[in-house]
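Q: My structure is below; once you've seen it, I'll send some questions.
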Amino acid sequence: MASMRRSLVTLAPALLALLAAPVIAPAAAQAFCGFYVGGADAQLFNNATVVVLMREGIRTVLSMQNNYQGPPSGFAMVVPVPVVLQEANVKTLPKEVFALVDQLAAPRLVEYWEMDPCAPNIPQPESAARGGMMRLEAVESDKPASLGVTIEAQFTVGEYEIVILSAKDSTGLDTWLRREKYAIPAGAEPLLRPYVEQGMKFFVAKVNPKKVSFDAQGQAMLSPLRFHYDSPEFRLPVRLGMINSAGTQDLLIHVLARGRRYELANYPNVTIPTNLDVDPSAKARFGEFYAALFDATLAKHAGAVVTEYAWDANTCDPCPGPTLSYSDLATLGADVVPGGGDFVLTRLHARYDKGALAEDLIFKEASPIVGGREWMIGEKVEKGSRADSYNNFQGRYAIRHAWAGKIACEQPIRGRWGGPPGESWNNPAPQAAKDLAFATRGKIELQRVVREDVPELGLMMAAADDRPPRPVEEAAPTPAPAAEKSAAPAPQGCACQTSETQGSLAALVLLLVPWIRRRRARASG
């Protein structure tokens, strides 16, 4: 049986969203893999979209959550799909699962306090080192067939009135949508053309405003939609959204796949610099700091897509939120894509302007990487990413508070880190960087916040580092290959374990309390 591939795409406004009528876009926007059209001259703005792709063999399950702001009137979302969808292929979903995925893979900020340099040093064993349908009726001259447009199917799901269209040419499709009173922006036809020429169908999910509640600003979060289809291609259509791009946009792609991570096959790939110590001022401006780091990475690697996370979906270290359960995966499509097992969650992040994405995104499997953990390589914590037999990579940044008390022993041991004084094995939960597309930009100088050099970015004049040196330790051992993974210990310091792992850890705590406390204090994040 072919291995199951699953991908989740977190997108925020405007990249992949083609908005109806002229819109005023924010300086930073996020994206979607179709486009929006509105009734009459409605001005619509999509400012948050999460898309999930599950895949096994040729089966793809696409789930997406959107919100938009605009008048409570006719609205539709248009997405290119390779086949005609039927009512059995489409359903609505609860919203919570999308936030879980985004939280789990977000860049994280941890905070450590140096332990008493005179406290006994307990060696860390090697085993602890892993861390009712609205009919589309028109007069005879406006019938779809007269423009080469065919309504292949139509049905209602939740607040959505769905039609599946096929078209013989893009001009006819553009004209038909306009005649049906969808205010398509000028210049849409050339973007529709490649999909029509490929024989793609068009999923049009029209919203019934009587079934949607709006706030005072005219904004509503629609029920997430999910549909599935079979196709040999594994790609994300993004070009339609270019028509309304008014500035730089962000695209976040989360890929869930059994035992493997993903990257782009048709764009350059780079990993985010990770495990950087930062000034305490970054705590109140973490999103702003991370946006500056991300922008500096793209300045060094123009046109690249940045890998920010690649980790087992049911573990984390440290955990900014709950891990993904099988129930969560089932919500996103496991009921029509059967199977289970260990899934790697990969987060990819792109940022571009109107002319940057000439092609849809095509995904490929990538070899495992590790990095972003509290592992020592010689005298320093590991930096960047490196190849390994499993995936354990994250964007992680640390604030470290040096020991400020008295040192009354002859041989103090510096550079042992844990939680606040009195709670050395109970670190605060990490802070996740969210809504990065809307983070303030241009007001943080990395040299004043990062407390060490970042050679991969050419940052060699970082702020002075007054922290005590770390002790010299050996690098943690490389774990067994994936086939032997059951014999390897769980990631260090993870507060998000399966029930079996929790039982094992409980017994281990009772037997090995001294070194567990030491391990938690030094490397819980």
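Q: Kindly indicate whether D295 is assigned to a strand (DSSP E or B) and farther than 23 Å from V52 by Cβ.
A: For D295, the condition - assigned to a strand (DSSP E or B) and farther than 23 Å from V52 by Cβ - is not met.
Q: Given (1) assigned to a helix (DSSP H, G or I); (2) buried (at least 18 other Cβ atoms within 10 Å of the Cβ), identify the lone condition not met by V344.
A: (1)
Q: Do we have G187 as of a type in the set (G, A, S) and modelled with pLDDT of 80 or more here? Spell out the reasoning first.
A: Numbers: of a type in the set (G, A, S): yes; modelled with pLDDT of 80 or more: no.
The answer is no for G187.
Q: Can I ask one more? Working only within segment 197-235, note down all residues that are in contact with a Ser or Thr (Cβ under 8 Å, 6 or more places away or on another chain) and modelled with pLDDT under 80.
A: P209, A220, listed by residue number.
Q: Now, a different point. Say we look at segment 365-381 and pick out the residues that are in contact with an Asp or Glu (Cβ under 7 Å, 6 or more places away or on another chain) and at pLDDT 90 or above; which of these is nearest to K283 (Cα to Cα)?
A: The residue in question is R373.
Q: So which pairs qualify, if the first residue must be in segment 256-283 and surrounded by fewer than 22 Cβ atoms within 10 Å (Cβ to Cβ), the second must be polar (S, T, N, Q), the Cβ gap must be under 6 Å, and the two must be at least 6 apart or on different chains?
A: Qualifying pairs under 6 Å: R258/S3.
Q: Does segment 312-335 hold any residues that are polar (S, T, N, Q) and either within 23 Å of G372 (Cβ to Cβ) or surrounded by 19 or more Cβ atoms within 10 Å (Cβ to Cβ) (or both), and which are they? If you could, list the steps in order and put the result at the bottom.
A: Of all residues in segment 312-335, those polar (S, T, N, Q) come to 314-315, 323, 325, 327, 331.
Passing the criteria: N314, T315, T323, T331.
Q: Between G355, G384, which is farther than 30 Å from N89 by Cβ, assigned to a loop (DSSP other than H, G, I, E, B) and at pLDDT 85 or above?
A: Working: G355 fails: at pLDDT 85 or above.
The match here is G384.
Q: Now, a different point. Give the residue, chosen from K383, K406, K364, that is basic (K, R) and within 21 Å of the chain's Cα centre (by Cα).
A: Details: K383 fails: within 21 Å of the chain's Cα centre (by Cα); K406 fails: within 21 Å of the chain's Cα centre (by Cα).
Answer to the check: K364.
The values are calculated or read from the model by the stated rules, or taken from the named source; none is laboratory data. Every value quoted in this text rests on a predicted model; they were computed, and no experiment measured them. Quick reminder, even Gly has a Cβ in these numbers, built from the backbone with ideal geometry, and neighbours come from all protein chains shown.
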